[in-house]
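Colleague: What follows is a single structure, and I will ask about it in a moment.
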Amino acid sequence: MARPPLTAGKVAAHLVVLTVPLAGVGLAAGLLWNRAVSATDLVLLAAMYVLVAPGITVGFHRLLAHRAFGTYRAVEYGLAVLGSMAMQGSVIDWVADHRVHHGHADGPGDPHSPHGPHSALRSLWHAHAGWLFRHQGRADARRHAPELLEDPGMRLIDGAFVPLTLLSLAIPFGAGWALSGTLRGGLTGLVWGGLVRLFLFHHVIFSVNSLGHFAGRRRFRTADRSTNLAWLALPSLGESWHHNHHAFPRSAVHGLRWYELDVSGLLIRLLERVGLAWNVVRIAPERQARKLAA
């Protein structure tokens, strides 16, 4: 089935998602130059990052796209809301696109492989962010995310993507105003806890899509060209163990060795310990050994 073309509205939305956080980073740089940044602003940046990022890494990715563990419906919905606040696409679009990526990784049909017919630089840009203007949200959700389409709660969250992204900006604005008691504090909270945080997390995850199939280490036999990026493990909350993930897509833990930091895997373990996660998929060392590259 041919994919429908991106609408002008979606193209405009992608431009906003890419350019507004970038403008916020420029504004933040100006504030830093004038030393107009407070401890509150930096706390809001860190707090919003830690709050929202697991919505993508644990929620959209490991839970909804790969069903790496089971949980209560309320937890699924909560993670889907947080993932929507990361402003990386609505939940059903994100999951469908990601499943298409795994079905065609680094081959024809992969929406964001950095190994295309063009120059390395152009192909890297396509994998990093250019694909948003050509392929994002075009996967057939009826085929690639049917269980989400059949879930009224997920459809509601999917349809509320724009209000949830605005909430993602309103929270640091309101918190900054409340904590400082000034409108200026609200605005700088919006810049740091909203725009700068979005910019940083966007490009961390975009880098997993691009550099995570271009440069890095490999140790398993896989049909794709995925790689592990150790230097990106902390800001990506473990998503940059991308080669491990492609070797074992359903694994709830991507950091398969004790020294591979995987914050998202630790969060899933915590959910399991408090009774909010079960049927957590883990890959036995023997199975890993059988897939090691020669």
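The values are calculated or read from the model by the stated rules, or taken from the named source; none is laboratory data. For clarity, every value in this text was computed on a predicted model and none was experimentally measured. Glycine gets a Cβ as well: all are built from the backbone with ideal geometry, and neighbour counts include every protein chain shown.
Colleague: Of everything in the stretch 38-58, what is modelled with pLDDT of 95 or more, crowded, with 21+ Cβ neighbours inside 10 Å and over 16 Å from Val208 (Cβ atoms)? Give them in sequence order.
Modeller: Leu44, Leu45, Met48, Val52
Colleague: Can I ask one more? Filter the stretch 135-166 down to the residues that are in a loop (DSSP other than H, G, I, E, B), more than 29 Å from Ser113 (Cβ to Cβ) and within 19 Å of the chain's Cα centre (by Cα) and list them by number.
Modeller: Within the stretch 135-166, just Ala160 meets the criteria.
Colleague: Go through (1) under 23 Å from Ser168 (Cα atoms); (2) without any contact (Cβ under 8 Å) to a residue 40 or more places away in the chain; (3) buried (at least 17 other Cβ atoms within 10 Å of the Cβ) and name the single condition Gly78 misses.
Modeller: Among (1) under 23 Å from Ser168 (Cα atoms); (2) without any contact (Cβ under 8 Å) to a residue 40 or more places away in the chain; (3) buried (at least 17 other Cβ atoms within 10 Å of the Cβ), the lone unmet condition for Gly78 is (3).
Colleague: Restricting attention to the stretch 59-75, which residues are surrounded by fewer than 20 Cβ atoms within 10 Å (Cβ to Cβ), in a helix (DSSP H, G or I) and out of contact with any Leu (no Cβ under 8 Å at 6 or more places or on another chain)?
Modeller: Arg73, Ala74
For (1) assigned to a loop (DSSP other than H, G, I, E, B); (2) modelled with pLDDT of 95 or more; (3) within 12 Å of the chain's Cα centre (by Cα), each residue gets a yes or a no:
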{"site": "Val17", "(1), (2), (3)": "no, no, no"}
{"site": "Ala28", "(1), (2), (3)": "no, no, no"}
{"site": "Val81", "(1), (2), (3)": "no, yes, no"}
{"site": "Pro111", "(1), (2), (3)": "yes, no, no"}
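Colleague: Can you pull out the residues in the stretch 238-287 that are exposed (fewer than 14 other Cβ atoms within 10 Å of the Cβ), part of a helix (DSSP H, G or I) and of a type outside the set (A, V, I, L, M, F, W, C)?
Modeller: Within the stretch 238-287, Arg273, Pro285, Glu286, Arg287 meet the criteria.
Colleague: Is at least one residue of the stretch 224-232 surrounded by 17 or more Cβ atoms within 10 Å (Cβ to Cβ) and part of a helix (DSSP H, G or I)?
Modeller: Yes.
Colleague: Could you say which residue among Leu124, Leu190, Leu169, Leu132 is under 21 Å from Pro54 (Cβ atoms), assigned to a helix (DSSP H, G or I) and in contact with a helix residue (DSSP H, G or I) (Cβ under 7 Å, 6 or more places away or on another chain)?
Modeller: Answer to the check: Leu169.
Colleague: In the stretch 128-158, which residue that is small (Gly, Ala, Ser) and in contact (Cβ under 8 Å) with a residue 24 or more places away in the chain is surrounded by the fewest Cβ atoms within 10 Å (Cβ to Cβ)?
Modeller: Taking the stretch 128-158 first, the residues small (Gly, Ala, Ser) are 129-130, 137, 139, 141, 145, 153.
Imposing the further condition that a residue be in contact (Cβ under 8 Å) with a residue 24 or more places away in the chain reduces the set to 129, 137, 139, 141, 145, 153.
Numbers: Ala129: 19, Gly137: 21, Ala139: 24, Ala141: 19, Ala145: 26, Gly153: 13.
This residue is Gly153.
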